[in-house]
1. Residues in the range B:392-403 that are crowded, with 17+ Cβ neighbours inside 10 Å and either aliphatic (A, V, I, L, M) or closer than 27 Å to A:A197 by Cβ (or both): how many?
2. Consider B:Q524 carefully, then state whether it is away from chain A (no Cβ under 14 Å) and either surrounded by 15 or more Cβ atoms within 10 Å (Cβ to Cβ) or outside any helix (DSSP H, G or I) (or both).
3. Within the range A:117-155, which residues are more than 12 Å from chain B (Cβ to nearest Cβ), in contact with a helix residue (DSSP H, G or I) (Cβ under 8 Å, 6 or more places away or on another chain) and free of Cβ contacts under 8 Å to residues at least 24 places away in the same chain?
4. Aliphatic (A, V, I, L, M), over 60 Å from the mean Cα position of the chain (by Cα) and surrounded by 18 or more Cβ atoms within 10 Å (Cβ to Cβ): is that true of B:I106 in this structure?
5. Which fully enclosed helices (runs of 4 or more DSSP H) of the range A:27-108 have 1 or more residues being within 11 Å of another protein chain (Cβ to nearest Cβ) and of a type in the set (F, W, Y)?
6. Mind checking whether some residue in the range B:329-348 is free of Cβ contacts under 8 Å to residues at least 40 places away in the same chain, part of a loop (DSSP other than H, G, I, E, B) and over 29 Å from A:Q106 (Cα atoms)?
7. May I ask you to list the residues in the range A:44-68 that are more than 19 Å from the chain's Cα centre (by Cα) and under 20 Å from A:L100 (Cα atoms)?
8. Kindly indicate which of A:V53, A:V73 is surrounded by fewer than 22 Cβ atoms within 10 Å (Cβ to Cβ) and within 16 Å of A:R246 (Cβ to Cβ).
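Laboratory data are not the source of any read-out in this text; all were calculated from the coordinates shown. Because the structure is a prediction, the values reported are computed rather than measured. All Cβ positions, glycine included, derive from the backbone under ideal geometry; neighbour counts span all protein chains shown.
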Amino acid sequence: MHTRFSILLLTAILCLTNASRVTAQPEPAFIKANADFAAGHFPEAIKGYESLVKEHHWSASLFYNLGNAYFRVGDFGHAILNYERALALQPAQPEAQANLRLVRDQSRALELAQSWPEEHLAFLTANQYAILAAVAFWCAAFTLAGLVFAQRRPVVWIFILVLLCAITAGSVFAISAFESGRADRDQAIVTAQKVQARLATAENAGTVLVLPPGSEIKILSTRGQWSYAALPNDLRGWIPADSAERVRL
Amino acid sequence: MERAMFRRLFLVAFLALAGTQMARAEAPTVTAVLTTSETEEGRPVQLQIKVTGDADAVPPNDIAVDGLEIRYTGQSQLVEGRNFHFSYSFIYSYTILPLKAGTFTIPPQTVRTNGGEMHTPALTLNVAPNDGAATRSRRGRNSSAGGAIDERKLVFAELIVPKTSAYVGEIVPVEIRLGFNTRVRARLAEGPNLTGQGFTTQRMPEPKQSMETIEGVTYQIVTFKTAIAAARSGKFEVGPVEAKALVQVPRSAGSGGSRSPFDLFGMNDPFSDPFFNDPFAGIPEQRQIEIKSQPATLDVKPLPPNAPASFAGAVGIFNLTTEVKPKTAQVGDPFTVTATLSGRGNFDRVTAPGLADDRGWHTYPPSANFKADDDVGLSGTKTFEMVLTPNENKTAVPPLVWSYFDPLTESYVTLKSDKLPVVVEGWAAPAPGAAVASTSATPPPAARPTPATQAEDILYQLTDPPHWVQGFTPLFLRPEFWAAQAVPLLALIGFFGWKSRERRLANREGQKLAAWEQETAELQKRLRRADEPPDQYFAGALRLVQLKTALVRRMEPNSVDAEATASAFQLDDERRERVRELFRRSDEARYSGRQNGHSPVNEQTRGEVLELIENLS
C-alpha cells in the first residue's frame, strides 16, 4: 500500500515537472529568436523559430515572426506560408493580413479563387461558426423541450425555435463551405522557386502554369514524388511534391 | 358432263383455227439488228438475225468484216401472237468484237429459207477508240447491254487548294471531294488523308454530301473541308489525297482468262460461253479501291522581317475589343479586363494582348476561350480574361496592344485598344505603424516619418508572450469540443427528467382528488338514506365534512378537525358550533361505548346534518 502510494506520488511529481518544463521552455527560445531578428541575424532567428515549430510550440505570433524573418532573407514562399499559418491559427490577426498582402504583391504569387460562401460568410471564422452552431443547437433543443412540456405554446417561442434551427443550419453550412473551400486542410503554398505545374508526372511534360513562390494551391493527391494540385485560374496540374508545403501542420 | 363436252369442242375449234392460221402463214421474212450501233474498241455488241415463218432457215455461218471479229453464239425461238395470229421466229445471235476503231458496215447476209434466199439489210457500227481495251476481256459479255460500268468512273478524288502561294502560318482553306458513281454501291473505308510535309492540317469536320453529274455520270460527292498552315517557307506539294473505298461492282466475266481451254482454236465451243468462265457473274463483288487525287503545289513565303514586339505569329485579319469590370476597386483589388480578338486566321497562334504600360499594375496569367464561327476554325472569336490589380492610384487601365500579319496587305498590323477608365479607391500612404519593420523588441513610434521606400516594408515583430495552441485542427474536429457538448446534453436530460417527474406527480395528486370527490358523492347519497344507525351515520357525516374540507385545503382528510373546516369555509359562529357538535357527536358515537341503538337517525337530525354539510362550500 505504501509502495503504491509512493509510485503514484512520484508519477504525479514527474508529470508536473514535465508540464512546467514544456510550458516554460518556449518563452526564452521565442525571446531569443526575436532578439536575433532585432539584431539583424535573420538566419539565426529563422532557426530559433523553426525549432519551436518542430517542437509543436505553435502560436500565431510565432508563425508571423517567422514569416517576417523569411521575408527578410528574401524567401517569399516560406514567408507567405508562415503568414498563412498565423492566419489559420488567428484569422483576424491584422499584422499577418497586412504583411501577407504585401509579400504577395511583391512576389506576384497567385491565389486560389474564393467560393461564394467563403466570400460572403467570412465575417466569422470556422471556429466561431462552430461555437455559434453549438450554442444555437442547444438553445433550440431546450426551447423544444420547453415547448413539449408547456401547456400553452406561444407563437413567439415557435418562431424562436425556427430561428435557432436556421442559425444552426447556416452555421453548419458555413463550416462545411470553409472546410471544402480555399483554406481547407489541403491548402498549400508553393515554397520552391521556378515551379511549373505540368500535365503529367514528368519533367518534360507540358506546362500548365508557372507558379511563383508563395502561390496558393490545393493538393488533391500525391503520387510518388509528384502532387496533383488545384491551381489558380481553375487549372489543375502536377507539381513536385517537395515544392509546396501544407498550411495546416 | 355437258360442260366437259363443251370444253373439248372449244379446244378442237381453237386448234383448228390455229392450224388454219399457221397454214395460211405469210412468206418468211428476215431482219437483222445490232444491240447498239455505237461502241468502242474492245467492247462487244450483238448482232441478231431474226427469221420469221421458216423453222428450217439456214443463217450465215461466217460473217467477215475487216476490223470486227464476228462469231455465231447460238439461236433462240420466239412465238408471237396477235389477234389469234401466231408466228414463229428464230433469232440467230452473233457477237461482234471490234478490234479497232472506225466505222464498219456489216454487209447484207444471205439466209436460205424454204422460200429461197433472203438477205439482211446492211448495218453500220461506229467503233470509238479505247485505250484500256487491251486490258479487257476479248470474249467476255457485258454486264448489261449498253450499260457497262467503266471502273475508272466508279470513284474519284479531288483536292482543291484555292491559293498557290501563302505566308508562313497563314491558314489556307482546302477542300477534298470524293465522288462515288451512283450506279454502284460504295462506301468510304479509310481516309481521306492529306499527305505532305511542311504544313499542319486543321481538324476535318463531318463531310457534306451532294449529287453531281459529271460527263454524263451521276456521282455522290462527299466534300471534306479543312485548312492547312505552312510551318516554314518554301515550295510544298500538298497532297495527294488518299482514301480507300469499298465498292460493289457486277462481276466482269472472263477476268481470269481469255477463253475456254476447250476452245483452243476459237471454235464454237459451248464451254466457251462466259457462264462457264464465271458462274457467279451477275452477283456483285466487293472490291476495295484506292482513291488518289492529283497533288497541289503551294508556294510558302516567309514573313517579312521587323515584326512588332507584340507579334506572336498570328496571320490573318483580326479585330480587338476590350472591356473592364468592375469600374471601381480598391488598391490591390482585381480588375478583370476582357479582350476579344475576332476575325479570320490562325487562332492557335493568337495570344493574349499585353498592356502598353504595366507600371503600377500586377498582371496574372490570362484565361483564353475560343469560339469558332465555322466547322474548320478558320474564323471565330478568341476571348481572353486578364486579371490586373493596381498597386497605386490609377484612372484607367492602359491600352492593350497586339499585332498580327495581314497577308492581303502583306504587312504587320498593330491593334491598340482605348484606355479603359477605372476608379481606384482607398489609395493612401500606408499607416506609419505599418511602414517600418521594427528592429527592436518594442513597436516603432507611430509618429516616425515614413520614407517613401519603406512603404513597401513589412510590419514589426510581435514580442508579447505568445498564446500557444495545440494545433491547427478546427474547433469542431477537436475531442474537447464534442466533450463539452456533454454539459448541455446532461442539462437537457436533467430538464427532461425534472419536467417528467413534475408531470407524474401532478397526475398522482389529480387521481387522489378525483378519488376524494367520488367518495364525497357516494357519502352524500348514503346520508340521504334513512336506514343507517347513528354511529354509522355520524361517522359518514364526519368523513364527508373532512373530505369537503380536504378538497378545499388540499390536505389529508383524516387530519381535518372542526376548526380546520370552519376556517376553510369561513363559517359564522352558529355554523361553526354546529360543526363542532357534529364532530363531537361523531366522536361520542365512535368512542363513548354508549349504546346508540340500531334505530335510524330521526328525520329532523338527518335534515339538520345534511343542510349543514351541503352548505359547506
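1. Total meeting the criteria: 4.
2. In short, yes.
3. If the condition is that a residue be more than 12 Å from chain B (Cβ to nearest Cβ), in contact with a helix residue (DSSP H, G or I) (Cβ under 8 Å, 6 or more places away or on another chain) and free of Cβ contacts under 8 Å to residues at least 24 places away in the same chain, then A:R153 is the only one that fits.
4. Against the criterion (aliphatic (A, V, I, L, M), over 60 Å from the mean Cα position of the chain (by Cα) and surrounded by 18 or more Cβ atoms within 10 Å (Cβ to Cβ)), B:I106 qualifies.
5. In the range A:27-108, the matching helices (runs of 4 or more DSSP H) lie at A:42-54, A:60-72, A:76-89.
6. no
7. A:A45, A:I46
8. A:V53
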